[in-house]
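Worksheet: the structure to be examined is printed underneath.
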Amino acid sequence: MSIEIVSVNKQFGSFTALNDVNLTVPSGELTALLGPSGSGKTTLLRIIAGLETPDAGSIRFDGEETTDRHVRERQVGFVFQHYALFRHMTVEENVAFGLTVKPRKERPSKKEVRERVHELLRLVQLEGLADRFPSQLSGGQRQRVALARALAVEPKVLLLDEPFGALDAKVRVELRRWLRRLHDEIHVTSVFVTHDQEEALEVADRIVVMNKGRIEQVGTPAEVYDQPANPFVFDFLGSVNLFHCRSEQGQARAAAPELSMGYVRSHDIEVERRQSDGAVEAEVRHIQAVGPAVRVELLVRGTGKTVEAELSRDGAERLALGLGETVYARPRKMQTFVADYQI
Amino acid sequence: MATKPITRNTVIPGFGPTLGYTVFYLSLIVLLPLSALVVKTASLTWPEFIATVAAPRVVASYKVTFGAALAAAGVNALFGLLVAWVLVRYSLPGKRLIDALVDLPFALPTAVAGITLSSVYAANGWLGSILEPRGIKVAFTPLGIFVAMTFIGLPFVVRTVQPVLEELEEEIEEAAACLGANRWQTFRRVLLPELLPALLTGFALAFARGVGEYGSIIFIAGNMPMVSEITPLLIITKLEQYDYAGATAIATVMLLFSFLMLLTVNLLQKWSRRHAAR
């Protein structure tokens, strides 16, 4: 089911959480709402769910006006950051909850409920744990129970509010890949909120980048990463180095005059021993190996600015850099924006 | 197999002194008087004991006392939950005042409470003058005992439920609503089970207080033998007649009853909390 969000506004006191937001979430896609805290992404998600009402604007599910419909009747599955499982119920009872609160006429029989629950537990790979209580599960398991519980009522839309936010790094990565595979299996229209750009880039079909209650850009992960619409998106999706530059038909040259600002990712900076066209002279200030990469901090001669370059281990070994040495940094790829944005 | 010593290496100091003090204190304050009670009772022969504690007038007083205390604790559980709910969930003007008001029955001397209640509910009192013409006699009947016990028991329920209610995440209610539960289903199946252990504690405390209450009840009860006489009053009566053994015998039975009731509540509580400990 597609979701349309039309000129939605939301104000909390004097704080504008959402400022004229328009967005269409296509049916069957996994969309990420990405932004820093306070950007309004969770508020937008809660408005879609019906847990919050917009001050103005409307929400449509498949073209049907849904704004005033109660959360109970929206048929959305909602997964909370802190799971919000019912502590006094077993895993099985938790997952069955949505089925057992249905009006008597629509309620499936006990046997059907059991079958459905076990089918879902198989789907989230928690089959053996049906009789456990939430307190006996790990964080990742709890979140999968929450997901199974949300899916039990066959929601038209699945909404996830920072679903992996409370998990440790390794579990987080595992679970988000698993979510991606799960989505490929069940194809329910899903929206998830995250502040982690890596998570959004890895999992989502489409990314909606939000900032200060507005949408900055909507696009596929490749689009928002490779062609950011503005400096904010560029900055939010990865590391940034700023060069003052003169832009000549896509031929970016790092130079002093301030016509526009060049944005370069750390891994797009080539570090060389020899001077070449477009390179700036710099001094090696700091070298730090971070997992598979080596991060090198360079001080650009004459400007006092630092640039961070990310090299591969191999590349770093070949260069055999030493602190205080002089090298040449050349941006391989640069995006220019008019200099109105400060990082 | 070597047994593990109780005191392992721990960063929390003072295991010896604190445990020692706890045992000493409990023995001095609780165990010693209670055993004196039993010892004194033991001076009666078995037939004498039965004759004392099973006398019709005494049995009637058990019924009145425990019946009224149970009913009062039940009513308090219901309305105390309601008060706690309002205090936690809504922001209203004067909320802090209401919050303070809840504790008044704790602080008021019981005799003052008793005299006030009986004057309000007496035939010429504020409430009594409205109720009695309609055939509802409160003062000087078992109903009056129930009213007094309700009055003094309320804070127990409110104060035990309130913190638990405060800690409940709103998210679990939102989760229930997303899954299609209506307000009643959310309350019945999600909130109540979470609150039940605290509610039972409040109920048990209110009940225990009601059973042991004396001061606020004797003024409003009317103290008619077989009808509105509470067991603590009978004990006082026996004491005034220098029948110490008789008084302690009745007290022992009361103690036993109360202990059984509290044990039952505790078991219920343990059952309702079975999810938390494991």
Fill in the blank from the handout: Picking from B:Leu268, B:Leu255, B:Leu262, the residue that is hydrophobic (A, V, I, L, M, F, W, C) and either modelled with pLDDT of 90 or more or over 20 Å from B:Val161 (Cβ atoms) (or both) would be B:Leu255
Practice task
Please work out which one of (1) of a type in the set (A, V, I, L, M, F, W, C); (2) buried (at least 16 other Cβ atoms within 10 Å of the Cβ); (3) more than 21 Å from B:Ala36 (Cβ to Cβ) is the condition B:Met224 fails and give its number.
Solution key: (2)
Exercise for the section: Assess whether A:Leu51 counts as being more than 24 Å from A:Asp196 (Cα to Cα) and either small (Gly, Ala, Ser) or within 13 Å of chain B (Cβ to nearest Cβ) (or both). Expected result: no
Problem - Output for segment A:55-92, where each listed residue is away from chain B (no Cβ under 14 Å) and basic (Lys, Arg) - result: A:Arg60
Handout entry: Any hit, segment A:6-22, residues being surrounded by fewer than 21 Cβ atoms within 10 Å (Cβ to Cβ), within 24 Å of the chain's Cα centre (by Cα) and at the interface with chain B (Cβ under 9 Å from one of its Cβ atoms)
Key = no
Problem - Subset of segment B:186-196 (residues that are in contact (Cβ under 8 Å) with a residue 40 or more places away in the chain and at the interface with another protein chain (Cβ under 7 Å from one of its Cβ atoms)) - result: B:Pro193
Exercise for the section: Kindly provide the set of residues from segment B:106-137 that are in contact (Cβ under 8 Å) with a residue 40 or more places away in the chain and either under 20 Å from B:Phe66 (Cβ atoms) or in a loop (DSSP other than H, G, I, E, B) (or both), ordered by number. Expected result: B:Pro109, B:Thr110, B:Gly114
Handout entry: Selection within segment A:2-16 - assigned to a loop (DSSP other than H, G, I, E, B) and not hydroxyl-bearing (Ser, Thr, Tyr)
Key = A:Gly13
Practice task
Have a look at A:Arg107, A:Arg144 and point out the one that is out of contact with any strand residue (DSSP E or B) (no Cβ under 8 Å at 6 or more places or on another chain), at pLDDT 90 or above and away from every other protein chain (no Cβ under 14 Å).
Solution key: A:Arg144
Exercise for the section: Look through B:Gly20, B:Gly16 and report the one residue that is at pLDDT 90 or above, over 20 Å from B:Ala249 (Cα atoms) and part of a helix (DSSP H, G or I). Expected result: B:Gly20
Practice task
Mind listing just one residue for me: the one in segment B:155-185 that is within 14 Å of chain A (Cβ to nearest Cβ) and farther than 30 Å from A:Val157 by Cβ and, of those, surrounded by the most Cβ atoms within 10 Å (Cβ to Cβ)?
Solution key: B:Val164
Handout entry: helices (runs of 4 or more DSSP H) contained in segment A:36-154 and holding at least 3 residues aromatic (Phe, Trp, Tyr) and in contact with a Gly (Cβ under 7 Å, 6 or more places away or on another chain)
Key = none
Exercise for the section: Test B:Pro232 against the stated conditions and say whether it is at pLDDT 90 or above, touching an Asp or Glu at 6+ places or on another chain (Cβ under 9 Å) and more than 14 Å from chain A (Cβ to nearest Cβ). Expected result: yes
Problem - Selected residue [of a type in the set (A, V, I, L, M) and away from chain B (no Cβ under 12 Å)] from A:Val153, A:Val188 - result: A:Val188
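The values are calculated or read from the model by the stated rules, or taken from the named source; none is laboratory data. Treat the numbers as computed from the prediction; the structure is a model and nothing was measured. Glycine also receives a Cβ, built like all others from the backbone with ideal geometry; neighbour counts cover every protein chain displayed.
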